[in-house]
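Student: Below you will find the structure I want to go over with you.
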Amino acid sequence: MYVLSSSENDKSELREQIGKTLDAVFDSFSDSSAFSGINPYELRKRIQAIDILPDHGAGFDKALEITKKEVLEHMLRTWSADYMPHLHSPALTESIASELIISIYNNSMDSWDQSPAATEIEECVCRLICSLIGYGKNSDAVFTSGGSQSNLAAITMARDAWCRKNLGWDAKMHGNPDSFRRLRLYTSGISHFSMDKSCHMLGLGWDAVVKLPVDSACRIDIRAAEEIIKKDVQAGLMPFCIVATAGTTDFGSVDNIAELKRIADRYGAHLHCDAAYGSGALMSRRYRSVLKDIELADSVTVDFHKMFLLPISCSAVALKDGSLFDSFALHADYLNREEDEEDGYVNLVGKSIQTTRRADAIKVFFSFLTRGRDGFETIIDTCIGNAAYFYSRIKDDSDFCTPVCPELSSVVFCLNRDDEVNRKVRRALLCEGTVIGQTVMNGHVMLKFTLLNPALTHEHIDNLIEKIRQTGSRF
Ligand SMILES: Cc1ncc(COP(=O)(O)O)c(C=O)c1O
């Protein structure tokens, strides 16, 4: 078989290949740990020993056998309750099934004739995202490869809109204005590094990113922000964008969106809200208030491959004023003819940085349909509730220190020992198959739980606390 066809033989061959692949995956782990614990040198040696491009193909069964033997055992198992280092989630089972639909059809989202049903689904899901945020009828959204690309798209559109409005300058046509060295983007000192990357890619450089100080709850210090921006404006700098983070990568802290909107409005800046992490709270009646005022932001990043537990990659960027997507509009004779669009053939390439693009919205569609609002609410409430439980268990424990009360599902903490012990604890746990996070706060090594697995129980959290305590006592 080369590719799927309507022949029964091809269908049964694909069914068999998928079945065998699932068996190989299921056979590749026998315990509940997250990782085999193999060291990187040994793993590299084994993988490099594989002749990836043999002169003659090994065939499906042999390829699967090699993959099973050398690779699958050492894949990271995101579904393990012992995996919690990053904003990296296990995938809901039905969303894995929907990945099959996406891969089998292999539709591409750039033009309607490459993805008719998927285009209509993405548009519906985008309207739903806008309404969950609280946006009005002029809003619009598009799917992206992840939070970094959503942020890049938002910052690009913010730059374009600001230049058009304030300088009468068409940055899409002419690039950055002569005064570009004075353009500034303001964001928290603990916001995601995609802000720096975006400004680099836009030709503004890291110099354009001003990192604002945070308060004891790890939210932008509003008074300090006002002072810094005021002084910058007096010095001739041009604030084109402020980025609020709704769920910082380490702490899950959420900036005060209304206050940042007030400052943004005063200086005519675009307010972007990076809710790559916190957007999951849109699904929870209990925790929706964490995202208070999110509808005030001019644009919002929503990552479905974080709290929503959908497979990578799955993200969207939403705009209060959808006309800003014009930054990415371009017409190619071979792809997205204007005359087709006039007749209702929507070509989503006009809103996207990407051209060929996976039909990721199908995962959202399928999982939302499967679980409904209450199903997602349970997931979000359980994960945030687990973080609150973990925090409550260690906050008065003299062996531990945990400086920030969690708003979402991350808890930063450390053993009350020196940095080296905390570092060694994380490394020792990794070698035993328990993968926890590590970061730095105020110059000190901290450990981190990012709790995105709703299957995690309080009992398991209790066991992890003891495991960390005992591991620390070995050093
Ligand atoms: C707050 C925040 N924004 C953006 C991103 C980037 O998202 P992605 O990894 O999907 O590009 C992350 C990643 O963890 C994040 O934590």
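The values are calculated or read from the model by the stated rules, or taken from the named source; none is laboratory data. Everything numeric here is computed off the predicted structure, so don't read it as measured data. Neighbour counts run over all protein chains shown; Cβ positions are idealised from the backbone, glycine included.
Student: Can you give me the number of residues within the stretch 366-384 that are out of contact with any Pro (no Cβ under 8 Å at 6 or more places or on another chain) and either surrounded by fewer than 18 Cβ atoms within 10 Å (Cβ to Cβ) or among the charged types (D, E, K, R) (or both)? Spell out how you get there, then give the answer.
Tutor: Of all residues in the stretch 366-384, those out of contact with any Pro (no Cβ under 8 Å at 6 or more places or on another chain) come to 366-377, 380-381.
When the remaining residues are screened for being either surrounded by fewer than 18 Cβ atoms within 10 Å (Cβ to Cβ) or among the charged types (D, E, K, R) (or both), the result is 369-375, 377, 381.
Here the count works out to 9.
Student: Also: Across the stretch 280-319, what is the number of residues that are part of a helix (DSSP H, G or I) and within 16 Å of the ligand (Cβ to nearest atom)? Don't jump to the end; show me each part of the working.
Tutor: Going through the stretch 280-319, the residues part of a helix (DSSP H, G or I) turn out to be 280-283, 288-291, 294-296.
Then keep just the ones that are within 16 Å of the ligand (Cβ to nearest atom); that gives 280-282, 290-291, 294.
Going through the stretch 280-319 one residue at a time, the tally reaches 6.
Student: May I pose another question? Looking at the stretch 415-425, is at least one residue under 20 Å from the mean Cα position of the chain (by Cα) and outside the structural domain of GLY247 (by TED's automatic domain parsing)? Give the derivation first.
Tutor: If we filter the stretch 415-425 for residues that are under 20 Å from the mean Cα position of the chain (by Cα), which is where we start, we get none.
Among the residues of the stretch 415-425, not one is under 20 Å from the mean Cα position of the chain (by Cα) and outside the structural domain of GLY247 (by TED's automatic domain parsing), which makes the answer no.
Student: Would you check which residues across the stretch 229-265 are of a type in the set (A, V, I, L, M), part of a helix (DSSP H, G or I) and either touching a residue at least 60 places away in the same chain (Cβ under 8 Å) or crowded, with 18+ Cβ neighbours inside 10 Å (or both) and list them?
Tutor: The answer is ILE229, ILE257, LEU260, ILE263, ALA264.
Listed here are the residues, each with its yes/no results for (1) of a type outside the set (Phe, Trp, Tyr); (2) assigned to a loop (DSSP other than H, G, I, E, B); (3) at pLDDT below 95.
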| residue | (1), (2), (3) |
| --- | --- |
| GLY350 | yes, no, no |
| THR356 | yes, yes, no |
| PHE366 | no, no, no |
| TYR389 | no, no, no |
| SER392 | yes, no, no |
| SER398 | yes, yes, no |
| CYS414 | yes, no, no |
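Student: Right, something else. Quick one: count up the residues across the stretch 440-467 that are assigned to a helix (DSSP H, G or I) and either in contact with an Asp or Glu (Cβ under 9 Å, 6 or more places away or on another chain) or not assigned by TED's automatic domain parsing to the domain that holds LEU429 (or both). Don't jump to the end; show me each part of the working.
Tutor: Kept after step one, since they are assigned to a helix (DSSP H, G or I), are these residues of the stretch 440-467: 458-467.
Keeping just the survivors that are either in contact with an Asp or Glu (Cβ under 9 Å, 6 or more places away or on another chain) or not assigned by TED's automatic domain parsing to the domain that holds LEU429 (or both) gives 460, 464-465, 467.
Final tally of qualifying residues: 4.
Student: Can you pull out every residue in the stretch 113-126 that is in contact with a Ser or Thr (Cβ under 8 Å, 6 or more places away or on another chain) and more than 12 Å from ASP360 (Cα to Cα)?
Tutor: Across the stretch 113-126, the qualifying residue is only GLN114.
Residue-by-condition table, conditions (1) surrounded by fewer than 19 Cβ atoms within 10 Å (Cβ to Cβ); (2) within 18 Å of the chain's Cα centre (by Cα):
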position	(1), (2)
SER139	no, no
GLN149	no, yes
THR156	no, no
CYS163	no, no
TRP169	no, no
ILE190	no, yes
LYS197	yes, yes
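Student: Another one. Could you check how many residues of the stretch 204-228 are surrounded by 13 or more Cβ atoms within 10 Å (Cβ to Cβ) and under 14 Å from ARG182 (Cα atoms)?
Tutor: Of the residues in the stretch 204-228, 5 are surrounded by 13 or more Cβ atoms within 10 Å (Cβ to Cβ) and under 14 Å from ARG182 (Cα atoms).
Student: So, of the residues in the stretch 92-114 that are in contact with a helix residue (DSSP H, G or I) (Cβ under 8 Å, 6 or more places away or on another chain) and not in a helix (DSSP H, G or I), which turns out to be farthest from TYR345 (Cα to Cα)?
Tutor: LEU92
Student: Moving on. Look through ASP110, ASP82 and report the one residue that is more than 16 Å from the ligand (Cβ to nearest atom), of a type in the set (Asp, Glu) and either modelled with pLDDT under 95 or in contact with a strand residue (DSSP E or B) (Cβ under 7 Å, 6 or more places away or on another chain) (or both). Let's see the steps before the verdict.
Tutor: Numbers: ASP110 fails: either modelled with pLDDT under 95 or in contact with a strand residue (DSSP E or B) (Cβ under 7 Å, 6 or more places away or on another chain) (or both).
Being more than 16 Å from the ligand (Cβ to nearest atom), of a type in the set (Asp, Glu) and either modelled with pLDDT under 95 or in contact with a strand residue (DSSP E or B) (Cβ under 7 Å, 6 or more places away or on another chain) (or both) holds for just one of ASP110, ASP82, which is ASP82.
Student: Being farther than 23 Å from LEU14 by Cβ and polar (S, T, N, Q) is the filter here, so list the residues in the stretch 53-97 that pass it.
Tutor: THR78, SER80, SER89, listed by residue number.
Student: If you check VAL425, VAL421, VAL445, which single one turns out to be β-branched (Val, Ile, Thr) and within 23 Å of TYR277 (Cα to Cα)?
Tutor: VAL445
Student: Now for a different question. Select, from VAL435, VAL425, VAL421, the only residue that is free of Cβ contacts under 8 Å to residues at least 60 places away in the same chain and buried (at least 21 other Cβ atoms within 10 Å of the Cβ).
Tutor: Details: VAL435 fails: free of Cβ contacts under 8 Å to residues at least 60 places away in the same chain; VAL421 fails: buried (at least 21 other Cβ atoms within 10 Å of the Cβ).
The conditions single out VAL425.
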